[in-house]
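The values are calculated or read from the model by the stated rules, or taken from the named source; none is laboratory data. Note that the coordinates shown come from a computational prediction; the quantities given were computed from them, not determined experimentally. Cβ sites come from the backbone with ideal geometry, for glycine too, and all protein chains shown count toward neighbours.
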Amino acid sequence: MGQEKADGGGSNDGNPKKNARGMGRLWVPAVLVIGTIIGIVSYKLATEISGAPPFNRPFIPDVYLEFHIILSTIGMALIVALLVVYARTYVQTKANFILGLLVVLFALLLQAVLTYPVLLELEVAPRPAIEVFSPVADVFTIIAYTVFLYLSLE
């Protein structure tokens, strides 16, 4: 039994780096799934509020708008997860660099919320708030945030 601990065998060897790496492997997919679910619910609620067809925009295919809302929501969920990770790190270390990262991440979250397609459509405006968009930017943003979150958890 003593040999098992010395060899690093056993289910919990007390290595915090190994435990954090395992948490990262679960945390990232969980955030992606939660963001997707919230995005789908947001799209459905926005559709009910604005009426059918979604957002009354005949020139934008519904599928693209749905993907844009879902991808934007996933991006915001990843930013919130990054804020949580770095807030915990700041509480532990009190490092000024981490505080700077928190400010930048908060600014990115604020920008994402203010440009969220659902909120733009609920805004009272004489012209359409969403005219042309590309989901490619959302995909690259999600990839960047996902890699950043995964590396931050290692």
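Just one of the listed residues (Val80, Val124, Val85, Val118) is more than 28 Å from Glu154 (Cβ to Cβ), among the hydrophobic types (A, V, I, L, M, F, W, C) and either buried (at least 19 other Cβ atoms within 10 Å of the Cβ) or modelled with pLDDT of 90 or more (or both), and it is Val118.
Taking Tyr43 as the residue in question, decide whether it is surrounded by 18 or more Cβ atoms within 10 Å (Cβ to Cβ), closer than 16 Å to Tyr145 by Cα, over 12 Å from the mean Cα position of the chain (by Cα) and at pLDDT 75 or above. Spelling it out, it is not the case that Tyr43 is surrounded by 18 or more Cβ atoms within 10 Å (Cβ to Cβ), closer than 16 Å to Tyr145 by Cα, over 12 Å from the mean Cα position of the chain (by Cα) and at pLDDT 75 or above.
Of the listed requirements (1) at pLDDT below 90; (2) exposed (fewer than 12 other Cβ atoms within 10 Å of the Cβ); (3) assigned to a helix (DSSP H, G or I), Val91 misses just one: (1).
For every residue, the table says whether it meets (1) at pLDDT 60 or above; (2) loosely packed, with under 11 Cβ neighbours inside 10 Å.
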site: Lys17; (1), (2): no, yes
site: Val28; (1), (2): yes, no
site: Phe55; (1), (2): no, no
site: Glu66; (1), (2): yes, no
site: Gly75; (1), (2): yes, no
site: Gly100; (1), (2): yes, no
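Quick check: anything in the range 88-109 out of contact with any strand residue (DSSP E or B) (no Cβ under 9 Å at 6 or more places or on another chain), in contact (Cβ under 8 Å) with a residue 40 or more places away in the chain and of a type outside the set (S, T, N, Q)? Checking the range 88-109: not a single residue is out of contact with any strand residue (DSSP E or B) (no Cβ under 9 Å at 6 or more places or on another chain), in contact (Cβ under 8 Å) with a residue 40 or more places away in the chain and of a type outside the set (S, T, N, Q).
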